[in-house]
Amino acid sequence: SCKYAVIDQGGVEAVVLALETHRAAIAVQGQGCIAIERLSAGDSRCIASLVSTGCVRCIENAMRRWPTEPTFAQLAVSALANLTHGDQAAVDEICSSRCLAVLNQVTDRHLTKTAVAERCMAAMCNLCANGEPAISKVLRSGALQLMRSVAGAHVAHEFVLYQACMAIGNAALGNTEAKALII
């Protein structure tokens, strides 16, 4: 696959270097998020390589810098949503870093932006599908209220509503405390 050639020839390291070197350039950050999204789409080997080289931290930093820019937020959150499909190390990286707090901030700022809200809910849905530790971290971060707010803001948008409901449903797979919080 072309993705493996990119990884094997240092493409991921080049993306991370560009993101770290040009933190103030939104165009570079956006292209970096596109590269991460495309490399991580449906491929756990690629996701593992992206996570191990620091892509989560780069996305987190970029989202913190431009949380109100909807086009950029959609790119960043879409890349992050793909990374949540990774192995436990990827999920742990996203849940243990400040990334979860930044994801919540972006979700809150873009509640009514359909494309951004859908990708935010996809990330939350994927995180909550990874078992009790991830569910607890997501719920402790305050994401449940955001899931409910997104669902309420998008009752006419099937895909957003679906992702929000799936995120809440996956969170309900947690322990008794998680279920009580949801109820």
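Quick notes on this one:
- For Lys3, the aspartates and glutamates whose Cα falls under 15 Å of its own Cα, not counting residues fewer than eight places away in the same chain, are Glu13, Glu37, Asp43.
- Residues in the chain average 46 Å² of solvent-accessible surface per residue, probe 1.4 Å, ligands and nucleic acids excluded.
- Within the range 31-177: Cβ-based charge dipole about Cα centre, in debye rounded to nearest 20 (Lys, Arg +1; Asp, Glu -1): 340
- In nm, spacing of pseudo-spin labels at Glu132 and Arg65 (7 Å Cα→C-beta vector): 4.0
- The Cα atoms of the range 1-145 define a convex hull whose projected area, averaged across directions, is 7.6 nm².
- Label separation (Ser1 vs Arg38): 1.5 nm, computed from points 7 Å beyond Cα along the C-beta direction.
- Whichever aspartates and glutamates have a C-alpha closer than 13 Å to that of Lys137, once near sequence neighbours (fewer than 8 apart) are set aside: Asp92, Glu93, Glu177
- Between the helical axis of 114-128 and the longest alpha-carbon principal axis of the chain there is an angle of about 80 degrees.
- Modelled FRET efficiency - R0 41 Å, Thr21 with Gln88, Cβ distances, 0.05 increments: 0.85
The values are calculated or read from the model by the stated rules, or taken from the named source; none is laboratory data. Quick caveat: nothing in here was measured; it's all calculated off a predicted structure. Quick reminder, even Gly has a Cβ in these numbers, built from the backbone with ideal geometry, and neighbours come from all protein chains shown. Heads up: the accessible areas ignore ligands, DNA and RNA and are worked out on the full protein's heavy atoms, side chains in. Shrake-Rupley method; radii C 1.70, N 1.55, O 1.52, S 1.80 Å.
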